[in-house]
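Here the structure comes first, spelled out in structure tokens, and everything after it is commentary.
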Amino acid sequence: LGKGTQIRHPIRVVLDRSGTCDPNSTVFQDQDTIPTLWVTESKKSIEGVQKIQTTELPQVVSAVNSFCDEVNTDGDVMIEGGSVVINNFIESGLISKLRLYRSQLILEKGVPLFPVKPGKKLVLQKVRKLGLGIEEIYEIK
């Protein structure tokens, strides 16, 4: 990167139903550069981290929208999750692009990403090798 080049990070949404994430984890330590919203049902709190105490999709959507307005982002949000989370966000119409990382490592039997065919159309835009896995970028229509 050239001098003066600014790295832009998406807002990070950490889905942690039971509140088991380590509060000392790096994911919570870089709030100045990567704003993070912690979504959990836990009563715990982490200093300096904004939290929403629910995992119900309508409330999560509202909280993510409000958080985006609060930190004045252009809408880039990174949500890490499994097939249920991904499918809920696709079906809700809240995402226009899916960046999928696939690893060569499969834990146990593996879990299908789309156990049911999504109601939206996923159009593959790009595939590239990334470390030991691949990155796939889809437009959602």
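Taking the Cβ of ILE134 as the center, what net charge do the other residues with Cβ under 11 Å away carry, scoring Lys and Arg +1 and Asp and Glu -1?
Cβ neighbours under 11 Å give a net charge of +2.
Report the Rg/Rh value for region 15-62, based on alpha-carbon coordinates and the Kirkwood definition of Rh.
0.95
At 1.4 Å probe size, with no ligands or nucleic acids counted, give the accessible surface of GLU91 in Å², nearest ten.
90 Å²
Measuring from the lowest to the highest alpha carbon on each principal axis, how far does region 9-88 reach, largest first, in angstroms?
Result, largest extent first: 28, 27, 19 Å.
Using protein chains only and a probe of 1.4 angstrom, how many square angstrom of GLU56 are accessible, to the nearest 10?
About 110 Å², rounded to the nearest 10.
The values are calculated or read from the model by the stated rules, or taken from the named source; none is laboratory data. Since this is a predicted model, take the numbers as computed values, not measurements. Please note: Cβ atoms are built from the backbone with ideal geometry, for glycine as well, and neighbour counts cover all protein chains shown. Accessible surface areas use protein heavy atoms only, side chains included; no ligands, DNA or RNA. Shrake-Rupley method; radii C 1.70, N 1.55, O 1.52, S 1.80 Å.
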